[in-house]
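Colleague: Following this message is one structure expressed as structure tokens.
The values are calculated or read from the model by the stated rules, or taken from the named source; none is laboratory data. Quick caveat: nothing in here was measured; it's all calculated off a predicted structure. Glycine also receives a Cβ, built like all others from the backbone with ideal geometry; neighbour counts cover every protein chain displayed. These area figures cover heavy atoms from the full protein model, side chains too; ligands, DNA and RNA do not enter into them. Shrake-Rupley method; radii C 1.70, N 1.55, O 1.52, S 1.80 Å.
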Amino acid sequence: MLNNVLIFSDLDGTLLDHHTYSFAAALPMLQKLRQANIPVIANTSKTYAELTELRIQIGLDGPFIIENGAAVYIPIDFFKSQPIGTIERNGYWVKEFSKPRKYWLSLIGKLQARFSGEFNYFFNMSNEEIVAATGLSIEQAKLAASRQYGEPILWLGNDTTKIKFIQAINELGTKPLQGGRFLHLAGTCDKGQALTWLSREFQKQKSIAHCNTIALGDGQNDVAMLEAADIAVRILSPANAPPILTRQSNVYTSQGYGPIGWAECLEQIIFNHSQFNK
């Protein structure tokens, strides 16, 4: 079995089914990982409010990363000492990598007149509109709208105008990330930066020479995480093509979609430690 493993997992379309948001297919593997004392760290575009309830449902009680790497949340006393550069908030040590949400909303405001009717964004959307765009319930939509850092943008126009919109955002000094459904505006932070910081903290706090990091994701906003990990796992999506990576080694692609592919790959990589389907 592979030792000193940290699993960094996207949620929507990866650990959670793209259409139903179910993680039922991953439950046996989650139990197996728990018994092996292997942490599963959510590394997601979701908010702190969303993760508070969802982590309990899934059975995750360790650190987690929100809003595409905007912040790492570590339960207080999870490590022997508070990590340098963190603040205390709501029972967590928090490492922030992004500016607050109001900053990104101000940038969006500069583009609204130029791209009128071409896009919408969470702060401007009703709960019903978020439900229609995501398939979430009303309660889940409220949690998704409760953002601290970045802002998801729902593109409504054509692809040509979208390219111009992205160029305009770039000219304002930032680069949006394309997720499964939304463009995510959050600055220079990304899931890979957060993965690297947290894995180094694990090594420092646990006195481990090296943690074997495994990252699993299905979207382009997962690329930085997949590139940063020791082992990258691309989870097949029924809606999007697999993420395009620069790296060539230790890259795997699932055969199954979502949580089925998630469990399939971790079984092979960790417990069988085999070279498959690269």
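Colleague: Would you list, by chain and number, the lysines whose Cα falls below 24 Å from the Cα of Lys102, excluding same-chain residues fewer than 8 positions away?
Modeller: Lys46, Lys110, Lys142, Lys162, Lys164, Lys175, Lys191
Colleague: Under the rule of at least 5 residues apart or a separate chain, name every residue whose amide H is placed under 5 Å from the amide H of Thr253.
Modeller: Arg234
Colleague: Where does each of 20-30, 245-255, 5-15 land if you order them by average Cβ count within 10 Å, highest first? Before the final figure, lay out each step's value.
Modeller: Numbers: 20-30: 16.8, 245-255: 13.8, 5-15: 26.4.
The densest-packed peptide leads the list: 5-15, 20-30, 245-255.
Colleague: Right, another one. Determine the per residue accessible area of region 23-97 with all protein chains present and a 1.4 angstrom probe, expressed in square angstrom.
Modeller: Normalised by residue count, the accessible surface of region 23-97 is 42 Å².
Colleague: Between region 169-238 and region 70-149, what's the alpha-carbon centroid distance in Å?
Modeller: Region 169-238 and region 70-149 have Cα centres spaced 16 Å from each other.
Colleague: Rounded if a/c is under 1.5, else prolate if a/b beats b/c, else oblate: with a ≥ b ≥ c from the C-alpha gyration tensor eigenvalues square-rooted, which is region 25-174? Intermediate values should be presented prior to the final figure.
Modeller: Details: a/c = 2.39, a/b = 1.67, b/c = 1.43.
Judged from the Cα gyration tensor, region 25-174 comes out prolate (a/c at least 1.5, a/b above b/c).
Colleague: Would you tell me the accessible area of Met1, worked out with a 1.4 angstrom probe on the heavy atoms of the protein chains, in Å² to the nearest 10?
Modeller: Number for this one is 120 Å².
Colleague: Further question: Compare Glu96, Glu50 by solvent-accessible area with a 1.4 Å probe and give them largest first, with all protein chains kept in place.
Modeller: Glu96, Glu50
Colleague: Under the rule of -39500 (n - 2.57) per DSSP H run of 4 or more residues, summed and divided by the residues of the chain, what mean residue ellipticity at 222 nm is obtained, to the nearest 500 deg cm²/dmol? Each step should come with its number before you reach the end.
Modeller: Values: 9 runs with 91 residues, N = 278.
That comes out to -9500 deg cm²/dmol.
Colleague: I would also like to ask the following. Looking at region 1-126 only, what percent of DSSP beta bridges run antiparallel? Nearest 5 please. Numbers along the way, then the final one.
Modeller: Details: 11 of 16 bridges.
Of the beta bridges lying entirely in region 1-126, close to 70 percent run antiparallel.
Colleague: From the square roots a ≥ b ≥ c of the eigenvalues of the alpha-carbon gyration tensor of region 156-278, which class results: rounded (a/c under 1.5), prolate (a/b over b/c), or oblate? Intermediate values should be presented prior to the final figure.
Modeller: Values: a/c = 2.84, a/b = 1.42, b/c = 2.00.
Because a/c hits 1.5 or more and a/b fails to exceed b/c, region 156-278 counts as oblate.
Colleague: Using a 1.4 Å probe on the protein heavy atoms only, what accessible surface does Arg181 show? Give it in Å² to the nearest 10.
Modeller: Number for this one is 80 Å².
Colleague: Residue separation times 0.36 nm, minus the C-alpha to C-alpha distance between Arg55 and Asn158: what's the value?
Modeller: Working: separation 103, 0.36 × 103 = 37.08 nm, distance 3.62 nm.
Contour length minus Cα-Cα distance gives 33.5 nm.
Colleague: Any chance you could look up the accessible area of Asp61 with a 1.4 Å probe, heavy atoms only, rounded to 10 Å²?
Modeller: Around 130 Å² of this residue is reachable by solvent.
Colleague: Another question, then. Quick one: compute a quarter of the convex hull surface over the Cα atoms of the chain and quote it in nm². Present the calculation step by step, with values, prior to reporting the outcome.
Modeller: Working: hull surface 56.6 nm².
So the mean shadow area of the Cα hull is 14.2 nm².
Colleague: Modelled label-to-label distance, Ser207 and Ser81, 7 Å Cα→beta-carbon offset: nm?
Modeller: 1.3
Colleague: Please report, as a whole percent, how much of the solvent-accessible surface of the chain comes from carbon and sulfur atoms (probe radius 1.4 Å). Before the final figure, lay out each step's value.
Modeller: On the way: 6160 of 12300 Å².
C and S fraction of accessible area: 50 percent.
Colleague: What's the Kirkwood radius of region 108-180 in Å, using all Cα pairs?
Modeller: Numbers: mean 1/r = 0.0759 Å⁻¹.
In region 108-180 this quantity evaluates to 13.2 Å.
Colleague: Are there trypsin sites (Lys or Arg not before Pro) in region 35-108 that DSSP marks as loop and that have at most 14 other Cβ atoms within 10 Å, and which are they? Don't jump to the answer; show the numbers that get you there.
Modeller: Numbers: sites: Lys46, Arg55, Lys80, Arg89, Lys95, Arg101, Lys102; in loops: Lys46, Lys80.
Those that pass, being in a loop and sparsely packed, are Lys80.
Colleague: Under the classification rounded if a/c is under 1.5, otherwise prolate if a/b is larger than b/c and oblate if not, where does region 20-83 fall, given a ≥ b ≥ c as square roots of the Cα gyration tensor eigenvalues? Write down the numbers at each step before the final one.
Modeller: Values: a/c = 2.24, a/b = 1.19, b/c = 1.89.
Taking the square roots of the gyration eigenvalues as a ≥ b ≥ c, region 20-83 is oblate.
Colleague: Expressed in whole Å with the largest first, what are the equivalent ellipsoid semi-axes of region 42-130 derived from the C-alpha gyration tensor as the square root of 5 times each eigenvalue? Show your work: numbers first, answer last.
Modeller: Numbers: eigenvalues 192, 56, 15 Å².
Three semi-axes, in Å: 31, 17, 9.
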